[in-house]
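The values are calculated or read from the model by the stated rules, or taken from the named source; none is laboratory data. As the structure is a computational prediction, the values presented were derived from the model and not from experiment. Reconstructed Cβ throughout: ideal geometry from the backbone, glycine too, with neighbour counts over all protein chains shown.
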Amino acid sequence: MRITKYTHACVRLEHEGRVLVIDPGTWSEPAALTGADAVLVTHEHTDHIDVLRLAGLGVPVYAPGEADIPGLEINGVASGTEFTAAGFRVRAVGGRHAFIHGGQPDCPNLGYLVDEAVYHPGDSLHVPEQPIETLLVPVQGSWLKTAEAIDFVKAINPRRAFAIHDGQINERGRSSVNGWLAEKTHHGYRYPAPGESL
């Protein structure tokens, strides 16, 4: 499976000519969706979903069934649901967005485990029960501390971890966060730059 990271939380998965894109938000590059066969959306925040772009794309979009996403037809998904998207096997896990302050925002958020190998948690630190080969780990957010990201990687214990959700920090901040995660997790942690494929 080829994994390409785009700006912030957007990731493109390709295998045998099939393309699945996760969380193409308003900060991610339009090229992420070129040739996409299906899209997974973890939750309704605009840094994870660009409604206008997806409305004109004409491919199936899977998102939490309880999400508030006006102007876009979605295939509603619930935690525990297993389905096929663009030929990839997907399991939805978790259920709620991480709190920022005072219990807000509290919206539906699903993580997606793709082909029993790649896990994108969206804006949550939900630890699935099954083993994870490749973790897409959020490294910064108003809802997240670096210590929590490190503990999340350790709790999941993946073979490798790639950084996502980094659109709000500058180069110096990324360098610091990446240094901590690489030093403290020992799980093949790597920061892929936007547009880089693994």
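Observations on the model:
- Residue that is surrounded by the fewest Cβ atoms within 10 Å (Cβ to Cβ) [pool: residues in the stretch 24-45 that are closer than 16 Å to Pro121 by Cα and not aliphatic (A, V, I, L, M)]: His45
The rows are residues; the columns are (1) surrounded by 19 or more Cβ atoms within 10 Å (Cβ to Cβ); (2) within 23 Å of Glu82 (Cα to Cα); (3) of a type in the set (Val, Ile, Thr).
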| site | (1), (2), (3) |
| --- | --- |
| Tyr119 | yes, yes, no |
| Val139 | yes, no, yes |
| Ser142 | no, no, no |
| Glu183 | no, no, no |
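- Residues being touching a residue at least 60 places away in the same chain (Cβ under 8 Å) and assigned to a loop (DSSP other than H, G, I, E, B) - total across the stretch 72-98: 2
- Among the candidates Glu129, Glu171, Glu133, Glu196, the residue that is surrounded by fewer than 20 Cβ atoms within 10 Å (Cβ to Cβ) and modelled with pLDDT of 95 or more is uniquely Glu133.
- In the stretch 100-112, residue nearest to Leu181 (Cα to Cα) [restricted to those that are surrounded by fewer than 23 Cβ atoms within 10 Å (Cβ to Cβ) and out of contact with any Asp or Glu (no Cβ under 7 Å at 6 or more places or on another chain)]: Ile100
- Subset of the stretch 56-82 [hydrophobic (A, V, I, L, M, F, W, C) and over 17 Å from the mean Cα position of the chain (by Cα)]: Leu57, Val59, Ile69, Leu72, Ile74
- Matching residues in the stretch 107-142 - criterion: being in contact with a Lys or Arg (Cβ under 6 Å, 6 or more places away or on another chain), at negative phi and not in a strand (DSSP E or B): Glu133
- Within the stretch 99-113, the residues that satisfy the criterion of being within 17 Å of Gly76 (Cα to Cα) and in contact (Cβ under 8 Å) with a residue 60 or more places away in the chain are Cys107, Pro108, Asn109, Leu110, Gly111, Tyr112.
- Contact map, the stretch 148-174: residues that are on the phi > 0 side of the Ramachandran plot paired with residues that are small (Gly, Ala, Ser), Cβ distance under 7 Å, separation 6+ or inter-chain. Pairs shown: His165/Ala9; His165/Gly141.
- Scope the stretch 151-191; condition closer than 22 Å to Glu116 by Cβ and β-branched (Val, Ile, Thr); matching residues: Val153, Ile156, Ile164, Thr185
- Of residues in the stretch 14-23 being crowded, with 22+ Cβ neighbours inside 10 Å and touching a residue at least 24 places away in the same chain (Cβ under 8 Å), the one nearest to Tyr119 (Cα to Cα): Ile22
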